[in-house]
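The following block contains the structure, expressed as structure tokens.
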Amino acid sequence: MSQNERPVDDRVSDFGLKGVGTDPKLKGPWNWHPDLPLEMPPLFDWPLRPLETIKFLLGKGFLISQFFLFALLAMVTWFYFLPPLNQWATFSVDWIVHVFILNTVLSLLVAGGLHLYFHTWKKQGTVHKYDRRELARKNKAFLFNNQVLDNMFWSLTSGTLFWTGWQVLFMWLYANGLLPWSAFSENPIWFIVAFIVIAIWESMHFYFVHRMIHWPPLYRVAHALHHRNVVIGPWSGLSMHPIEHFIYFSTPIIHLIIASHPIHLFYHMYITALGAYTGHVGYEDYQVKGKSVIGVANFFHTLHHRYFECNYGTPMMPWDKWLGTMHNGSAEDTALINQRRAKMYQ
Ligand SMILES: [Zn+2]
Ligand SMILES: [Zn+2]
């Protein structure tokens, strides 16, 4: 049996979420995937590869990537969309609701826009679309029997609440002088480098918290909700259980020890929240006239949704490679991961 013919994992149905993993329509092959085996970016190669690393960061690694767009959005947020810093020093409904509404609008624009573009209007057809299958309808595993509405529900309620909650807490800490501060005017080099450091930290935090919620008891209670999404769309990104939202959005704790600016915090929350939407689009990139303009969702996490016990992190930092949990897309890795999963759940 070739890799493309391998049946999709049906473990989700073991946890009482019948109808997702057992649906025969879900056993289709990939529509498309990048060249395999997947390679990790050069950032953490040993011996170091400084030239390739700089080239990577000036290209798809940062400057021509969502990270750069989220950094710009964070700056626009700071300058135009939020009340001034001194108002954040006291918790008050005004500005907290303001942040919640802003985050809701961003969710609707980013996840909603991507869903309409790729999945409703199918503007890119099936070009660089990973899965041949469509998002589930008339499926009892999902609220309202509809995967998209279910995913929107979890993203726009608990998802946006916990995102806003952690963001508000750290805004309050900044305003009260309780976080190490760094502005562009004081140290421009660190101000720029911090964007990369935060992206690397976020990748590491995600690996370890994600691995933790794959611990079977916690998986059953919380993370199984996210994994009902075997086929994924943008709204699947933050379709998580509130316990997972709480843990997932704890990533800004790094600002307790590194000098940063609220712009860095907004950027951090955007790569975590909006990056979850983009990361589940189901397409590798956004194209114009047949040319790739910017990467959207990586195949790395798409493999996680099909094979579960692999690729807990992101390609930014190769924790999966270091700790032996990487699935590089090959049939050999599928066999290894299946063995690993059988051991975890025997
Ligand atoms: Zn996911
Ligand atoms: Zn997972």
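The values are calculated or read from the model by the stated rules, or taken from the named source; none is laboratory data. Everything numeric in this text was worked out from a predicted model, so none of it was measured. Ideal geometry is used to build each Cβ from the backbone, glycine not excepted, and the neighbour counts take in all protein chains shown. Just the protein is used for accessible areas: all its heavy atoms, side chains included, with ligands, DNA and RNA removed. Shrake-Rupley method; radii C 1.70, N 1.55, O 1.52, S 1.80 Å.
Which one of these does Y286 not meet: (1) of a type outside the set (D, E, K, R); (2) more than 16 Å from ligand 2 (Cβ to nearest atom); (3) farther than 23 Å from V230 by Cα?
Among (1) of a type outside the set (D, E, K, R); (2) more than 16 Å from ligand 2 (Cβ to nearest atom); (3) farther than 23 Å from V230 by Cα, the lone unmet condition for Y286 is (3).
From the set of residues in segment 289-303 that are of a type outside the set (S, T, N, Q) and within 18 Å of I271 (Cβ to Cβ), which is farthest from ligand 2 (Cβ to nearest atom)?
Out of the qualifying residues, it is I294.
Right, another one. When you scan segment 304-325, how many residues do you find that are crowded, with 18+ Cβ neighbours inside 10 Å and either farther than 24 Å from I271 by Cα or touching a residue at least 40 places away in the same chain (Cβ under 8 Å) (or both)?
Result for segment 304-325: 15.
Something else: Would you call I232 farther than 18 Å from A74 by Cα, under 14 Å from the mean Cα position of the chain (by Cα), hydrophobic (A, V, I, L, M, F, W, C) and open to solvent by less than 60 Å² (accessible area, probe 1.4 Å)?
yes
Name every residue in segment 254-281 that is within 21 Å of I189 (Cα to Cα) and either modelled with pLDDT under 95 or of a type in the set (F, W, Y) (or both), in order of residue number.
The answer is F266, Y267.
Which ones in segment 328-340 are buried (at least 17 other Cβ atoms within 10 Å of the Cβ) and in contact (Cβ under 8 Å) with a residue 40 or more places away in the chain?
Within segment 328-340, N328, G329, D333, T334 qualify.
Next question, about the same structure. Looking at (1) polar (S, T, N, Q); (2) in a loop (DSSP other than H, G, I, E, B); (3) over 21 Å from the mean Cα position of the chain (by Cα), which is the only condition Q339 fails?
With (1) polar (S, T, N, Q); (2) in a loop (DSSP other than H, G, I, E, B); (3) over 21 Å from the mean Cα position of the chain (by Cα) applied to Q339, the lone miss is (2).
Could you say which residue among L73, L102, L116, L109 is under 30 Å from I263 (Cα atoms), in contact (Cβ under 8 Å) with a residue 60 or more places away in the chain and assigned to a helix (DSSP H, G or I)?
None of the others qualify; the one that does is L73.
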